[in-house]
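Below: one structure, written as structure tokens.
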Amino acid sequence: MSDQILTMTVNGRRVNKPVNGQYRLLDYLREEVHLTGAKEGCGAGECGTCSVFVDGKLVKSCLMPANKADGATIQTVEGLAPRGELTTLQRAFHKTGASQCGYCIPGMVMAATSALRENPFADIEEIKERLGGNICRCTGYTKIFEAVELARDVLNGRLAASALDAEGAGDSYIGNNVRRLDAPSKVSGALKYAGDTTMQDMLHMQVLRSPHPHARILSIDTSAAEAMEGVECVITHRDVPGVDGFGVFVHDQPVMAREKVRYVGEAVAAVSAETQEIARRALSLIKVEYEELPGIFDPEEAMLPGAVVVHDYAPNNLVKHIPIRKGNVEQGFAEADIIVENSYSTQQVEHAYLEPEAGLAYVDHDGVVTVFSPSQNITHHRHMLATIIDKPINKVRFIMSPVGGGFGGKEDMIYQGMLALSAMKTGRPVRLIFTREESIIASAKRHPSRVTYRMGLKNDGTITAVSFKMISDGGAYGMSTEGVMRKAAILSLGPYDIPNVQIDTYGIYTNNTPSGAFRTFGAMQSQFATESHLDICAERLGLDPFEIRRRNMMKIGSLTHTGQRLETVSIAEVLATAEAFCRWEAGAPTSRGASRGDLGGPDTRRSCTLGARFRLETTDSRQEVA
């Protein structure tokens, strides 16, 4: 409901628009003035993506009520330069390659503009301080700081304006600083992400999510919500006309919970209404009756006989087991002078992309169901959606919007089906934008893992055998778990030539938030264990950590544990470069633990500070070191 008319000057233009009493300045600029350069990344004033100038002062517009800006002069990123042009600072961002996904960049440009306006001679430490309220998930900030310093020096005459000009690629793009084609639209705020997109007669979606980790759905009553003025439709699993089960590898996930909910945050129903406010109020009118069930939250416990079963088709809660064998591992351990055993664990990790999940769906004039979203796997999503809505593939279209950070987290399809069903049911475009809280509660995470590592070695550091077992928490649905387990197994032992190998990776169902794709796709968890274990073994043997790796590294002609004969190998060059670059002081670690000479003697039990328990075995004696 419009409470009043706000009058303000926005980018030099007088604006008189009605304002909803609940609007923040960010909402007003995006929804009424249709300036989408200011983004919503967190909604809590922490990320800086919503930064604008209010009467010349940098303000986080997600924290400012729209009414407070009545009569003010507002400048957004779109107003920093005339249309089609870029400021010196924006050109510097383009020059240095400071924009990657680009979602944070308009806010970053605003903060940097403020910094140079307040102190045109700001040094690097002041620049860092003034940009401290802005988060970038992609770049590591270095190129951003370089851009601000470059703009500062050009503005102050220390550098000629030609320093902002493009450089040629020469004979090759490799090794040359070539500017990104999409950078101008990112630094100017012109690029439209999924949440920036609107269509005429568009509806707004909100999703009702489960408060329980495991419960049977006894009934869903949507009648009161459907009767509410402004509500166009409510959908549940009953609205799925086709196959209500999808996934990257195993089709175990319904569009919305069917019969059971399996994790806190699982979608149960969705409302499409004229405004977000109406849709939110309608959610409170949906009545869901649950019968709470015991949950299982530890993957090792989930593997035990009698454990709570998450999916009936998998009575042992196994999503996928990947076994790899090479040589004779027992013989390899028998040949070892020492055996070192340890366990390693990694935690669940949120992707924390700056752009929350968002999408818009509509049915076009030819009856093609179209979804516009930052899907990192649109071909697979298209095929899955066709089976869900029971339409031929030529009647389903996916358009990949610019991705405001993904890192694998937007590879799994978790909300596009709801959008498509609502667009089909209403005949109108439907848009959904997650809040940051909703993104955290509902999206897939990096797989938590536990690795049990057993390695046999000769006294000279040569590895004779490895037993590697990784148990990973796949959460409530399979998603990308099978692929992650496969990659974890393939890459588990790193670039090392080990003759006898036993590898087992397990993805296990629990009632935790689903786990999915994340950068390194399983390799991070397994490589963390392998490289940590090699450091421990080097210490126990009194060897330099680089040296133990050289003695076991792959060479041309080596056979990997997956049966691949290597024709090219670069690990020797990588190790040499790393050793030189970090100015490594060669030699065995001596600050903790035992030296090589300690092994096998009667007094080898001693304290060390490795932060975990491991077992040291020799051919003559067995002992446990804390």
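Read-outs: derived from the displayed coordinates by stated rules, not from any lab. Computed from a predicted structure; not experimentally measured. Don't worry about glycine lacking a Cβ; one is built from the backbone with ideal geometry, like all the others, and counts go over all protein chains shown.
Annotations
- Backbone N within region 263-304 under 19 Å of label point (7 Å from residue 440 Cα along the Cβ vector): 263-267
- For the chain, the longest principal axis of the alpha carbon atoms and the long axis of helix 523-541 meet at an angle near 30°.
- Shown for 57, 391, 68: other C-beta atoms within 10 Å of each C-beta, ranked fewest to most, produce the order 57, 68, 391.
- Debye-sum result for region 118-189 in log10 I(q)/I(0), which assumes one identical scatterer on each alpha carbon, at q = 0.23 Å⁻¹: -1.26
- Structural descriptor for the chain: relative contact order 13 percent, calculated from alpha carbon pairs under 8 angstrom and at least 6 residues apart.
- Diffusion constant of the chain at 25 °C, which comes from Stokes-Einstein with the Kirkwood Cα-pair radius and 0.890 mPa s, µm²/s: 89 µm²/s
- Three-way shape call for region 198-258 based on the alpha-carbon gyration tensor, with the a/c threshold at 1.5: oblate
- For a straight C-alpha distance cut-off of 19 angstrom, the aspartates and glutamates reachable from residue 555 (same-chain residues fewer than eight places away being disregarded) are 460, 497, 531, 547, 567, 573, 579.
- The ranking of 365, 561, 34 from fewest to most other beta carbons within 10 Å of each one's beta carbon is 365, 34, 561.
- Estimated FRET transfer efficiency when R0 is 60 angstrom, pair residue 9-residue 343 (beta carbons, to 0.05): 0.45
- Burial ordering of 284, 401, fewest other beta-carbon atoms within 10 Å first: 284, 401
- Mean separation of Cα contacts under 8 Å (6+ apart) over length of region 201-267, as relative contact order %: 48 percent
- Helix axis angle, 142-155 relative to the chain longest principal axis, alpha carbon, degrees: 50 degrees
- A simple rule links phi to the HN-Hα coupling: the Karplus curve 6.51 cos²θ - 1.76 cosθ + 1.60 with θ = phi - 60°, which for region 351-359 gives 5, 6, 5, 5, 8, x, 4, 7, x Hz, with x for Gly and Pro.
- Candidates per GluC sites (Glu not before Pro) in region 120-190, loop by DSSP, up to 12 other Cβ within 10 Å: 167
- Here the Karplus curve 6.51 cos²θ - 1.76 cosθ + 1.60, taken at θ = phi - 60°, turns the phi angles of region 124-135 into couplings of 4, 5, 5, 4, 4, 5, 6, 9, x, x, 10, 9 Hz, with x standing for Gly and Pro.
- Summarising the amide proton neighbourhood of residue 290: residues at separation of 5 or more, or on other chains, whose placed amide H is nearer than 5 Å comprise 218.
- Net charge of Cβ neighbours under 11 Å - reference residue 410; Lys, Arg +1; Asp, Glu -1: -4
- Region 66-113 and region 283-354 have Cα centres spaced 46 Å apart.
- Between the amide H of residue 357 and those of 434, distances stay under 5 Å, these residues lying 5 or more places away or on another chain, with hydrogens modeled in the peptide plane.
- For the listed peptides 23-30, 207-214, a ranking on the average number of other beta carbons within 10 Å per residue, highest first, reads 23-30, 207-214.
- Amide proton proximity set for residue 208, modelled H, under 5 Å, gap of 5+: 268, 269, 270, 271
- Only helices enter this figure: runs of n ≥ 4 DSSP H residues, each worth -39500 (n - 2.57), summed and divided by the residues of the chain, yield -7000 deg cm²/dmol at 222 nm to the nearest 500.
- Mean Cα-pair separation over length for region 2-79, i.e. relative contact order, pairs under 8 Å, 6 or more apart, %: 37 percent
- Once you reduce region 1-32 and region 123-149 to the center of their Cα atoms, the two points are 31 Å from each other.
- The chymotrypsin sites (Phe, Trp or Tyr not before Pro) of region 120-221 that meet both conditions, a loop assignment by DSSP and at most 16 other Cβ atoms within 10 Å of the site Cβ, are 121, 141, 173.
- Three semi-axes describe the equivalent ellipsoid of region 495-573; taken as square roots of 5 times the Cα gyration tensor eigenvalues and ordered largest first, they are 27, 18, 12 Å.
- Per-residue HN-Hα couplings for region 72-87 [Karplus 6.51, -1.76, 1.60; θ = phi - 60°; Hz; x = Gly/Pro]: 7, 9, 10, 10, 9, 4, 5, x, 6, 9, x, 3, x, 10, 10, 6
- Counting every pair of alpha carbons in region 2-79, the share spaced more than 18 Å apart comes to 28 percent.
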